[in-house]
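The values are calculated or read from the model by the stated rules, or taken from the named source; none is laboratory data. Note that this is a predicted model, so its numbers are computed, not measured. Virtual Cβ from ideal backbone geometry, glycine too; neighbours counted across all protein chains shown.
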Amino acid sequence: MESCASFWTVTEGLTCRGNRVNLVTCSPQDHMATRSRIGIELADGSILSAYHHWDGYPEWLGRILVTHYNTREQAADLINGGDMSSCWTKDRWTEKTVAPHVRENVEVEEYGPQYYADRGDRECEPRLDADLNKYLSDGEEYAYVFRNGEWVCYDRHQYSDEKPELVEIPAGALAV
């Protein structure tokens with residue numbers, strides 16, 4: 001299991017106002033999440049969705065959805081599992097507890113989703129929003145919707161006053 005200390009970079013021996021200090025920084029590209037929601041539009045215009053924690057930007061998650069979950073049935077199956085750490089990983093939680101509130105994580109042979117329910121979390125079932133506006137008004141950095149046989153992505157501009165905007169999902173499958 002990876003130590004929390006490996007998330008940080010320490011630069012020793014800097015000087016600040018005449019004092020020797022160590023600068024500690026986090027490497028967000030490797031260890032921070034780009035949160036997203038993955039939804040499917042239902043016949044009445046409502047959106048059923050699940051939270052997705054890691055790598056929610058269109059260059060990764062968008063391409064994974066288009067490549068590996070490109071039918072309505074595949075999209076529905078993915079979302080029906082509920083909130084997840086990632087929809088495309090070899091990591092799976094086991095029943096073994098390695099620390100308080102921490103389950104052992106193992107690698108398996110096939111890629112697929114890693115659902116929070118599989119580590120024993122509760123209240124992680126899919127969320128139902130009445131319509132697209134409600135879906136986009138309450139959520140994460142990116143929001144995906146499977147509708148009319150294809151995936152679309154919205155940048156929610158979560159950290160600004162801008163309204164959500166439709167963004168392109170880059171073409172091309174990823175290596176995995």
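Condition (residue is among the charged types (D, E, K, R) and touching a helix residue (DSSP H, G or I) at 6+ places or on another chain (Cβ under 9 Å)) applied to segment 101-116: is it met by at least one residue?
yes
Could you give every pair whose Cβ atoms fall below 7 Å, whose first residue belongs to segment 48-64 and is under 14 Å from ARG35 (Cβ atoms), and whose second residue is part of a helix (DSSP H, G or I), counting only separations of at least 6 or pairs across chains?
SER49/ILE79; SER49/TYR135; ALA50/ILE79; HIS52/LEU61; ASP55/LEU61
Name every residue in segment 125-174 that is among the aromatic types (Phe, Trp, Tyr) and free of Cβ contacts under 8 Å to residues at least 60 places away in the same chain, in order of residue number.
TYR154, TYR159 - these are the residues of segment 125-174 that are among the aromatic types (Phe, Trp, Tyr) and free of Cβ contacts under 8 Å to residues at least 60 places away in the same chain.
Looking at (1) farther than 21 Å from ASP138 by Cβ; (2) part of a helix (DSSP H, G or I); (3) at pLDDT 90 or above, which is the only condition ALA5 fails?
Unmet condition: (3).
Please identify the pairs in which a residue from segment 103-122 that is assigned by TED's automatic domain parsing to the domain that holds GLY81 has its Cβ atom under 8 Å from the Cβ atom of a residue that is basic (Lys, Arg) and modelled with pLDDT of 85 or more, counting only partners at least 6 apart or on another chain.
Sorted first by the residue in segment 103-122, then by its partner, the pairs are ARG103/ARG119; GLU107/LYS90; VAL108/LYS90; GLU109/LYS90; GLU110/LYS90; TYR111/LYS90.
Got a sec? Which of TYR57, TYR69, TYR51 is under 12 Å from the mean Cα position of the chain (by Cα) and at pLDDT 95 or above?
The match here is TYR51.
Taking segment 130-155 as the search range and keeping residues that are among the charged types (D, E, K, R), out of contact with any Gly (no Cβ under 8 Å at 6 or more places or on another chain) and farther than 21 Å from TYR69 by Cα, which one is modelled with the lowest pLDDT? Spell out how you get there, then give the answer.
Looking only at segment 130-155, we keep the residues that are among the charged types (D, E, K, R), and these are 131, 134, 138, 140-141, 147, 150, 155.
Right, trim to out of contact with any Gly (no Cβ under 8 Å at 6 or more places or on another chain) and you get 134, 138, 147, 150, 155.
From the residues that got through so far, the ones that are farther than 21 Å from TYR69 by Cα too are 134, 138.
Numbers: LYS134: 96, ASP138: 81.
Going through the qualifying residues, I end up with ASP138.
Considering only segment 138-176, state which residues are of a type in the set (Ser, Thr, Tyr) and surrounded by 13 or more Cβ atoms within 10 Å (Cβ to Cβ).
Residues satisfying the conditions are TYR142, TYR144, TYR154.
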